[in-house]
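Input: a single structure, listed below in structure tokens.
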Amino acid sequence: MSIRVKSEEVVEFATRSLASLGANENHARQLAEVLAAGDHRGHFSHGLNRLSMYIDDIQAEMTCLDGTPQIVNETVSCALVNGNNLLGPVVGNFCTELAIKKAKETGIGWVVANNSNHYGIAGYYSIRICKEGLLGMSFTNTSPFQVPTRAKKSALGTNPITLAAPGHNGDDFVLDMATTTAALGKVEIYEREKLPIPETWGVNKNGVLCGHQSRRVRPWIPRQNERPDGPLPRSGASSWLRPRAGGRRP
């Protein structure tokens, strides 16, 4: 049975949850709005599914609960920001607003942050820029969850890429994707709902594609864009699965 909940209620719930742990209420709301946007846009892996992760970080005292990001260095069009270990969306919003300001003044705004944390769906920030009539881009690194093609061990991040471009009469273009065949959060959702994990989503200890319901399958995913195998087609089929000459599978 599915239950519909208004976005406003989701934001209020997440805000209260984080504030009850000592987070600055404004910071908590910024994070809550990003989580609600993730669910609203269908990125359920980065919606309320991620709230417990932020709560764990706060309880483990891994995240600063109050403060302001600081500009370490800047030019008229670029800036380096120290996130001061604040909640990721707080840093993401700070950098986005700064980039928008610089872009409107000089034609381009390029802002980089360090000392930050998980900032939710990357597309949240590119869309904010797009709404200002600008071409928005946002990128971030992640923990090394990705297994390179033909490898056995994870070595790369699931580093997301997002691009948003204004379109005529609101028909905007938005790309928001991981650089793996699926985000880790999607694997978590499948496991929670006891659904079979598709074969292309994980590899076993030998680096062979292997879907399963169990955590015994490491959900670290082969890169989509490496040659000679080519990109993952929109249909979901992967040339990673095709045998090579002699019938051997990669």
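The values are calculated or read from the model by the stated rules, or taken from the named source; none is laboratory data. Small disclaimer: the values here were computed from a predicted structure and weren't measured. Neighbour counts are summed over all protein chains in view; Cβ atoms, including those assigned to glycine, are modelled from backbone coordinates with ideal geometry.
Quick one: is residue 139 in contact with a Ser or Thr (Cβ under 9 Å, 6 or more places away or on another chain), surrounded by fewer than 16 Cβ atoms within 10 Å (Cβ to Cβ) and not charged (D, E, K, R)?
On the way: in contact with a Ser or Thr (Cβ under 9 Å, 6 or more places away or on another chain): yes; surrounded by fewer than 16 Cβ atoms within 10 Å (Cβ to Cβ): yes; not charged (D, E, K, R): yes.
It is true that residue 139 is in contact with a Ser or Thr (Cβ under 9 Å, 6 or more places away or on another chain), surrounded by fewer than 16 Cβ atoms within 10 Å (Cβ to Cβ) and not charged (D, E, K, R).
Out of all the residues in segment 88-107, is one or more part of a loop (DSSP other than H, G, I, E, B) and buried (at least 20 other Cβ atoms within 10 Å of the Cβ)? Walk me through how you get there before you give the answer.
Within segment 88-107, the subset part of a loop (DSSP other than H, G, I, E, B) is 107.
So of that shortlist, the ones also buried (at least 20 other Cβ atoms within 10 Å of the Cβ) come out as none.
No: segment 88-107 contains no residue that is part of a loop (DSSP other than H, G, I, E, B) and buried (at least 20 other Cβ atoms within 10 Å of the Cβ).
Looking at segment 10-23, can you tell me whether even one residue there is among the hydroxyl-bearing types (Ser, Thr, Tyr), surrounded by fewer than 17 Cβ atoms within 10 Å (Cβ to Cβ) and in a helix (DSSP H, G or I)? Walk me through it before giving the result.
Initially, segment 10-23 is screened for residues among the hydroxyl-bearing types (Ser, Thr, Tyr), giving 15, 17, 20.
Going one step further and asking which of them are surrounded by fewer than 17 Cβ atoms within 10 Å (Cβ to Cβ), we end up with 20.
Adding the requirement that they be in a helix (DSSP H, G or I) leaves none.
No, segment 10-23 has no match at all.
Quick one: count up the residues across segment 36-62 that are farther than 11 Å from residue 87 by Cβ, under 17 Å from the mean Cα position of the chain (by Cα) and either modelled with pLDDT of 95 or more or not charged (D, E, K, R) (or both).
Total satisfying the criteria: 15.
Taking the condition of being over 19 Å from residue 64 (Cβ atoms), touching a residue at least 12 places away in the same chain (Cβ under 8 Å) and among the small types (Gly, Ala, Ser), how many residues in segment 1-39 meet it?
Summing the residues that are over 19 Å from residue 64 (Cβ atoms), touching a residue at least 12 places away in the same chain (Cβ under 8 Å) and among the small types (Gly, Ala, Ser) in segment 1-39 gives 4.
Please specify each residue of segment 48-78 satisfying the condition of being under 19 Å from residue 33 (Cα atoms) and not in a loop (DSSP other than H, G, I, E, B).
48, 49, 50, 51, 52, 53, 54, 55, 56, 57, 58
Can you find a residue in segment 15-29 that is of a type outside the set (Ser, Thr, Tyr), under 30 Å from residue 106 (Cβ atoms) and touching a helix residue (DSSP H, G or I) at 6+ places or on another chain (Cβ under 9 Å)? Let's see the steps before the verdict.
First, pick out the residues of segment 15-29 that are of a type outside the set (Ser, Thr, Tyr): 16, 18-19, 21-29.
Among the residues that remain, those that are also under 30 Å from residue 106 (Cβ atoms) are: 26-27.
From the residues that got through so far, the ones that are touching a helix residue (DSSP H, G or I) at 6+ places or on another chain (Cβ under 9 Å) too are 26-27.
So far as segment 15-29 goes, yes, one or more of its residues are of a type outside the set (Ser, Thr, Tyr), under 30 Å from residue 106 (Cβ atoms) and touching a helix residue (DSSP H, G or I) at 6+ places or on another chain (Cβ under 9 Å).
Cβ contacts < 7 Å: first residue surrounded by 15 or more Cβ atoms within 10 Å (Cβ to Cβ), restricted to segment 150-178; second residue at pLDDT below 90 and among the aromatic types (Phe, Trp, Tyr), any location; separation 6+ or different chain. Result?
Close Cβ pairs satisfying both conditions: 154/145; 154/220; 157/145; 158/145.
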